[in-house]
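Asks: Please find one structure pasted underneath; my questions will follow.
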Amino acid sequence: NKSYEGVDAFIVPSKFLGDVVAPRIGHNKIHLIRNGIDHTNFIPSTKDEKYLLYVGRLSSEKGVETLLNAHSSMDNPVRLVIVGTGPLEDKLRLQASSSVTFKGYCDGDNLWEIIKKSSCLIVPSECYENAPMTILEGMAFAKPIIASRIGGIPEQVVHGETGILFTPGDTHELCQALDVMMTDTDKRRRMGLNG
């Protein structure tokens, strides 16, 4: 704690992180400044090619296995596109059904085109996320978000307004959210525009 005595201010992008560090440094030194993105790079997209999208690291704490299990249990499964690489990639490819497409690593315009054409962005994290930029980018493209109710994520996604929050690791709850989102085009469009 003594090493922080000379610091006047700590900037955090989520209330969640502020609450985590406050016991060590005191609330009076913490200043919340949310992450932002340059809106001139993002034009909201009404495209909806009826696929779910996950963008991120393929590792256990990101909840991708939970997503695959939920996806395979959907009443009316739709295509799931997974963008990213990581230590679970080979295992996930073996576990996935034929309606799951792995794109590997993508960035820039290539990634943005995939996001623009998606129906919904899924953030199934099972670890304490702070303020994921993926959520902001999805919202900037007018995509609804289905995300875990953990860490700073509930500060970004307003349940029922800009997306659906579910209990981390709960396959059944995530499956229900996927089904609800994919059976209602108007809801997807409304939540996406709200974001």
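Asks: Find the accessible area per residue for the range 93-195; the probe is 1.4 Å, ligands and nucleic acids are left out, and the unit is Å².
Replies: On a per-residue basis, the range 93-195 sits at 43 Å².
Asks: Send over the per residue convex hull volume for the chain, Cα only, as a whole number of Å³.
Replies: Taking the convex hull of the Cα positions in the chain, it is 128 Å³ per residue.
Asks: Continuing with the same structure: Show the residues, 5+ positions off or on another chain, whose built amide H is closer than 5 Å to the amide H of residue 102.
Replies: Counting only residues 5 or more places away or on other chains, the set is 82.
Asks: Please provide three numbers in whole Å: the alpha-carbon extents of the range 88-150 along the principal axes, with the largest listed first.
Replies: Per principal axis, max minus min of the Cα coordinates gives 32, 28, 19 Å.
Asks: Another question about this same structure. Across the chain, how many lysine pairs separated by 8 or more positions, or lying on different chains, have Cα atoms within less than 16 Å?
Replies: Within the chain, the lysine pair count is 17.
Asks: If one computes the Cα centroid of the range 2-42 and of the range 108-146, what distance in Å separates the two points?
Replies: Cα centres, the range 2-42 to the range 108-146: 23 Å.
Asks: Now for a different question. Quick check on the chain: helices-only [θ] at 222 nm, where DSSP H runs of length 4 and up contribute -39,500 (n - 2.57) each and the sum goes over total residues. Nearest 500, please.
Replies: -10000 deg cm²/dmol
Asks: How large a share of the accessible area of the range 38-195, in percent, is made up of carbon and sulfur atoms when the probe is 1.4 Å and the other protein chains stay in place?
Replies: 48
Asks: Using amide H atoms built in the peptide plane, which far-off residues or other-chain residues are under 5 Å from residue 55 H to H?
Replies: Correct list: 83, 122.
The values are calculated or read from the model by the stated rules, or taken from the named source; none is laboratory data. All values reported here derive from a predicted model rather than from experimental measurement. What goes into the accessible areas is simple: the full protein's heavy atoms, side chains included, and nothing from ligands, DNA or RNA. Shrake-Rupley method; radii C 1.70, N 1.55, O 1.52, S 1.80 Å.
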